[in-house]
Amino acid sequence: MNSEKYAVIWKHFDEESALGKRLKATTDFSLPYFLTEEEKTSFDKKEEVSLNPFHMVMGLLVGYFDKPPGVDTKFAREKAPAIIKEHLTSFKTNSMENLLLDLSNFLRDSHGQKVSLQSLIAGVELVPDSSAIKYDACIDLINCIDDDELDDRIAAVQQLKMLLSKIDAKKLNQDLVQDYMKMIEIANEF
């Protein structure tokens, strides 16, 4: 559980389950599912919560770096790219980059910039050559630093500078290049 407003739960699956067979699991495994505030309330009351691919893809992004006690998360991280790609058509998109950007925007609008940042940092891992994902992550990171939402400001500033250094401005939409240059100035002022 990550917050009062949402939750990431880790659901256990048997290696012999239909999903386990499809993912070629060699042992039992767990996958993360993202629950909204309303779904979390139902879950906490032990009421039934209907989970679908949307919950799983969002869970993979927001819970990518989770380390829940007693749960091996390695399988989920290894299979995240394949699982997300498998659901591209149901999200009506043709690339993992676009899906990550769209879902992160949804998360930002629905649950705030800190949750969006979590999904974008996972996106940097999943699509490491995407300057657009790094760009959006930097925006969220600057806003989270400004709003004092992160536990370790020094580490956040270092991460910001590292992400900015890895953005290829030639790969950005040219309308964003000026803002990218402003972000470098802001990072140097921190």
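The values are calculated or read from the model by the stated rules, or taken from the named source; none is laboratory data. Note that the coordinates shown come from a computational prediction; the quantities given were computed from them, not determined experimentally. Quick reminder, even Gly has a Cβ in these numbers, built from the backbone with ideal geometry, and neighbours come from all protein chains shown. Accessible surface areas use protein heavy atoms only, side chains included; no ligands, DNA or RNA. Shrake-Rupley method; radii C 1.70, N 1.55, O 1.52, S 1.80 Å.
The numbered conditions (1) open to solvent by 30 Å² or more (accessible area, probe 1.4 Å); (2) of a type outside the set (S, T, Y); (3) under 16 Å from F29 (Cβ atoms) are all true for G59 except (1).
With the requirement that a residue be within 21 Å of L103 (Cβ to Cβ) and surrounded by 18 or more Cβ atoms within 10 Å (Cβ to Cβ), what does the range 151-190 give you? Matches in the range 151-190: Q159, L163, I167. The single residue among D148, D140 that is open to solvent by less than 30 Å² (accessible area, probe 1.4 Å) and charged (D, E, K, R) turns out to be D140.
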